[in-house]
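Please read the structure below before turning to the comments.
The values are calculated or read from the model by the stated rules, or taken from the named source; none is laboratory data. Every value quoted in this text rests on a predicted model; they were computed, and no experiment measured them. Positions of Cβ are backbone-derived with ideal geometry, glycine not excepted, and every protein chain shown enters the neighbour counts. When the accessible area is computed, the model is the full protein with side chains, heavy atoms only, and any ligands, DNA or RNA have been set aside. Shrake-Rupley method; radii C 1.70, N 1.55, O 1.52, S 1.80 Å.
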Amino acid sequence: MKPKQIWANLAVSDLRRTTQFYTDLGFILNGQSEKLTSFLFGEHNFVIHFFIKSELASSMKGALTDSELGNEIMFTLSADSKEEVDQWAQKIERSEGKLVSQPEEFGEGYYGFVFTDPDGHKFNIFFM
């Protein structure tokens, strides 16, 4: 079998705040309802749906991870240069995101940093 598409579903506590955060970072809104806000990421339009916690919990058939206490997954966003990595860091610092690490070189030819969105979901941005 070959799936036609893959997307991610994450839990959030405030749809308005989540929508504002990802809009401020320049991501394209994919859709909204009273239960979710959805954005497109990257050249191939990877979809991430951000559901209100209670809605996602009922469909997960189990407890949700507390993203403030542990790690669930980390999405990676690629950058075209070190300068672009630095620009992302500045943009995230001006938003409701949190830099977990400052932009830095790690390994030969790698430069990037880790951040969380307002609900603690981890992302990293790097250039290689």
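Tabulated results
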| read-out | value |
| --- | --- |
| Every residue from the stretch 97-117 that is surrounded by fewer than 17 Cβ atoms within 10 Å (Cβ to Cβ), under 21 Å from Phe27 (Cα atoms) and in contact with a helix residue (DSSP H, G or I) (Cβ under 9 Å, 6 or more places away or on another chain) | Lys98, Leu99 |
| Long-range neighbours under 8 Å by Cβ, at least six apart or interchain, first residue closer than 17 Å to Leu77 by Cα and in contact (Cβ under 8 Å) with a residue 24 or more places away in the chain within the stretch 32-49, second outside any strand (DSSP E or B) and open to solvent by 90 Å² or more (accessible area, probe 1.4 Å) | Phe46/Ile6; Val47/Gln5 |
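Here's the yes/no breakdown for (1) within 15 Å of the chain's Cα centre (by Cα); (2) surrounded by 11 or more Cβ atoms within 10 Å (Cβ to Cβ):
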{"position": "Ser54", "(1), (2)": "no, yes"}
{"position": "Ile73", "(1), (2)": "yes, yes"}
{"position": "Ser81", "(1), (2)": "no, no"}
{"position": "Ser95", "(1), (2)": "yes, yes"}
